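Heads up, the thing below is written out as structure tokens.
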Amino acid sequence: MDKIEAIFYIEGLSNDKKALESAVENIVKELKNEKLVEVLDVNPAEIIEDEGVLKYSTVIEARVRGNFENMVNAVLKYGPALVEVLAPGRLELDSKDLMKILGDVSLIMGKLMNKFGSLAAYPDLSEVPEPRVGYSREEIESLILDDRHIRYRLVIEVSGKDRVSVEETMKKALSLEGCLINVMALEGSEEDGEFKGLLAVELLSNFETLFQLVGKYAPIAISILEPEIIDVTAGELQNTLTDLGGFVNELTGRPVKKALMSNQ
């Protein structure tokens, strides 16, 4: 697998300057001893003071190199606010290797969500049109060959008021995420006025959306059906890694935000 060279921009925020200095020192030390990826350079910026609740901030820039799997794991570990991909311009990923990587993402994000809460949240979907379900083989081939879509299956744990509302909400939510739904099957039961079950879906989407779904929903099963080799541009890779870092940041930052809100 080709090596990726990228810059991680890791944000540090605190209302205590000394605590932030200590945290930055620890992150820099950890980066310099990192085994997941080769760390080529680490540059912590000066801590600056602002007028916000978290009035002290800084950014650590780390230039790193590694294969896609290790790069993903490093993003999950450090939660950079931004990832800038320097090389290569394109990357080819084997679908079997990608399934393993997505499985690791799902496992780690699932643990974070069990600890800090869900990521999948949507506005009122009542006015959103119900999306189409089902595509012909010709349409699927065109989406894969012409639009560079990936066809894959996910199994997601779902819950809600009742079976009908869960199915309707998930159809619309997946459509809003940028997916085309080819097959959908929902199994479960209602207990104590709440429906809980498993949703199996076959979807078509681009590479970035696939990763976003796995990051947000932490599916219990993932299967990539086609194509066997997935071509990814540097831009797609950069957006995907940045989204993933953002998800980690969103979850791990919740306790700090909650504590600050309670002290106001």
Quiz item: Among all the lysines, which ones have a C-alpha under 17 Å from LYS35's C-alpha, if same-chain residues fewer than 8 places away are not counted?
Solution: LYS3, LYS77
Self-check item: Average accessible surface area per residue within the chain, 1.4 Å rolling probe, Å²
Solution: 53 Å²
Practice problem: Compute the signed sum of charges (Lys and Arg +1, Asp and Glu -1) over the other residues within less than 11 Å, Cβ to Cβ, of GLY66. | Solution: -2
Quiz item: For labels at GLU21 and SER189 in the simple 7 Å Cα→Cβ model, what's the distance in nm?
Solution: 6.0 nm
Quiz item: Which is farthest toward the positive dipole end of the chain among ASN114, LEU145, SER189, measuring Cα position about the Cα centre, with Cβ charges +1 (Lys, Arg) and -1 (Asp, Glu)?
Solution: ASN114
Quiz item: Which is farthest toward the positive dipole end of the chain among VAL85, TYR56, THR209, measuring Cα position about the Cα centre, with Cβ charges +1 (Lys, Arg) and -1 (Asp, Glu)?
Solution: TYR56
Quiz prompt | Check: the chain dipole with +1 on Lys, Arg Cβ and -1 on Asp, Glu Cβ, in debye | solution = 760 debye
Practice problem: Note down the magnitude of the dipole of the range 28-82 about its Cα centre, charges +1 on Lys and Arg C-beta and -1 on Asp and Glu C-beta and zero elsewhere, to the nearest 20 debye. | Solution: 300 debye
Quiz item: Just how much of LYS161 is accessible, in Å², when a 1.4 Å probe is used and the result is rounded to the nearest 10?
Solution: 150 Å²
Quiz prompt | 222 nm mean residue ellipticity, helices alone, for the chain (DSSP H n ≥ 4; -39,500 (n - 2.57); rounded to 500) | solution = -14000 deg cm²/dmol
Quiz prompt | Percent carbon-and-sulfur accessible area, the range 1-73, ignoring ligands, DNA and RNA, probe 1.4 Å | solution = 41 percent
Quiz item: Once both labels are modelled 7 Å past Cα along the beta-carbon direction, what's the SER95-LYS115 spacing in nm?
Solution: 3.4 nm
Practice problem: Treat every Asp and Glu Cβ in the range 101-216 as -1 and every Lys and Arg Cβ as +1, leave all other atoms uncharged, and give the resulting dipole magnitude about the Cα centre to the nearest 20 debye. | Solution: 380 debye
Self-check item: Residue of PRO227, PRO80, PRO219 that the Gaussian network model of the chain assigns the largest fluctuation, springs spanning Cα pairs under 10 Å
Solution: PRO227
Exercise. With a/c under 1.5 counting as rounded, go ahead and sort the range 190-254 into rounded, prolate or oblate using the C-alpha gyration tensor (a ≥ b ≥ c being the square roots of the eigenvalues; past the cut-off, prolate if a/b is larger than b/c, else oblate).
Key: oblate
Quiz item: Can you pull the percent of the range 100-174's accessible area that's carbon plus sulfur, 1.4 Å probe, other chains left in place?
Solution: 51 percent
Quiz item: By the gyration tensor of its Cα atoms, with a ≥ b ≥ c the square roots of the eigenvalues, what is the shape of the chain: rounded for a/c under 1.5, prolate for a/b over b/c, or oblate?
Solution: oblate
Self-check item: Tensor-based shape of the range 71-118 (alpha-carbon gyration tensor, a/c under 1.5 rounded, otherwise prolate or oblate)
Solution: oblate
Self-check item: Residue among LEU210, LEU13, LEU125 with the largest mean-square fluctuation in a Gaussian network model of the chain, springs linking Cα atoms under 10 Å
Solution: LEU125
Self-check item: Options ALA45, ASN15, ALA74, ranked by Cα towards positive dipole end of the range 1-78, top entry (Cβ charges)
Solution: ALA74
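The values are calculated or read from the model by the stated rules, or taken from the named source; none is laboratory data. Remember, it's a predicted structure, so these values are computed and weren't measured experimentally. Virtual Cβ from ideal backbone geometry, glycine too; neighbours counted across all protein chains shown. Protein only, heavy atoms only, side chains kept; ligands, DNA and RNA dropped before computing areas. Shrake-Rupley method; radii C 1.70, N 1.55, O 1.52, S 1.80 Å.
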